[in-house]
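S.K.: Take a look at this one; I'll ask things after.
The values are calculated or read from the model by the stated rules, or taken from the named source; none is laboratory data. Please read all numbers here as calculations on a predicted model, not as lab measurements. Using ideal geometry, Cβ is built from the backbone for each residue, glycine included, and neighbour counts are taken over all protein chains shown.
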Amino acid sequence: MATQIKGAVILNCIAFLRETASSVRYEKLVSQCPVETRQLLSRSFMAVEWLNVDLWTPFLQVLHDDVARRDEVKFRRLIRAVCQRDFQSVYRPYVQKSNPLALCGKLQTIWSAFIDGGTLSNAVVSHKGNTTSVVVHLRDLETNSAIMPLVIQAYLEQLLSMVGAKDCVVSTSNVARSASGCLSCEFEMSFQREPSR
């Protein structure tokens, strides 16, 4: 079954772009998408509705290529702004009164609230001085999109920032596809811990 994503993510992305771009600019971006994606972006749907992630990702690719001019830092900044919106309302309890280590421990739970497909789990947590490093594994995400690792990287950066991680760095490695086309990769995250008192 194709990976599904909660409608809230798409609605927040649309709302953010409508607020930051002119309506003409927004329509121009939508017009660059395949027909199925244009139909998705033009119809009404609910925040709790599950939608095919591969219908949405062509729009993300347009944002990467056109708005961010293929600059990954700019693109991640845009996606981080969308992520921040996602966690300001109904999903706020995931980050409220949390800390970076606690967040890492519930990544799969957060993932399952937004994505129905694949797994996102941390495998190794290590400490060196005041630096904590966490390796997070994305496994078996059924998607044709090559942009999803970059999108997930931006979400992880924003989530860590929202729970107070200092000097946070997230990088992506070992991006691979299985014979069946499922996406897997690793995210290496590091951040500074608060000094113990």
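S.K.: Considering only segment 30-44, how many residues are part of a helix (DSSP H, G or I) and exposed (fewer than 15 other Cβ atoms within 10 Å of the Cβ)?
M.R.: Final tally of qualifying residues: 5.
S.K.: Is it true that A47 is modelled with pLDDT under 95 and part of a helix (DSSP H, G or I)?
M.R.: Here the answer is no, as A47 does not meet what is asked.
S.K.: Oh, and also: Please give the helices (runs of 4 or more DSSP H) falling wholly within segment 72-120 in which 1 or more residues are charged (D, E, K, R).
M.R.: It comes to 72-86.
S.K.: Among what's in segment 144-197 and is assigned to a helix (DSSP H, G or I) and among the polar types (S, T, N, Q), pick the residue that is surrounded by the fewest Cβ atoms within 10 Å (Cβ to Cβ).
M.R.: To start, the set of residues in segment 144-197 that are assigned to a helix (DSSP H, G or I) comprises 148-162.
The next check asks that each one be among the polar types (S, T, N, Q); those that pass are 153, 158, 161.
Details: Q153: 24, Q158: 23, S161: 18.
Per the criteria, the residue is S161.
S.K.: Let me ask you something else. Given the options L78, L51, name the one that is over 21 Å from L156 (Cα atoms), outside the structural domain of P149 (by TED's automatic domain parsing) and surrounded by 14 or more Cβ atoms within 10 Å (Cβ to Cβ).
M.R.: Only one candidate qualifies: L51.
S.K.: Give me the pairs, please: first residue somewhere in segment 106-126 and free of Cβ contacts under 8 Å to residues at least 12 places away in the same chain and in the same structural domain as Q153 (by TED's automatic domain parsing), second residue anywhere and of a type outside the set (V, I, T) and surrounded by 13 or more Cβ atoms within 10 Å (Cβ to Cβ), beta-carbon distance under 7 Å, and either six or more positions apart or on two chains.
M.R.: W111/L120; S126/S133
S.K.: Out of curiosity, is V9 surrounded by 14 or more Cβ atoms within 10 Å (Cβ to Cβ) and either under 15 Å from I79 (Cβ atoms) or in contact (Cβ under 8 Å) with a residue 24 or more places away in the chain (or both)?
M.R.: Yes: the conditions hold for V9.
S.K.: Pairs only if they're at least six apart or on different chains, beta carbon under 6 angstrom, first in segment 130-150 and without any contact (Cβ under 8 Å) to a residue 40 or more places away in the chain, second buried (at least 18 other Cβ atoms within 10 Å of the Cβ); list them, first residue then second.
M.R.: Short answer, once both residue conditions are applied: P149/C185.
S.K.: A further question follows. When you scan segment 121-143, how many residues do you find that are part of a loop (DSSP other than H, G, I, E, B) and either in contact with a strand residue (DSSP E or B) (Cβ under 8 Å, 6 or more places away or on another chain) or among the polar types (S, T, N, Q) (or both)?
M.R.: Looking only at that region, the number is 2.
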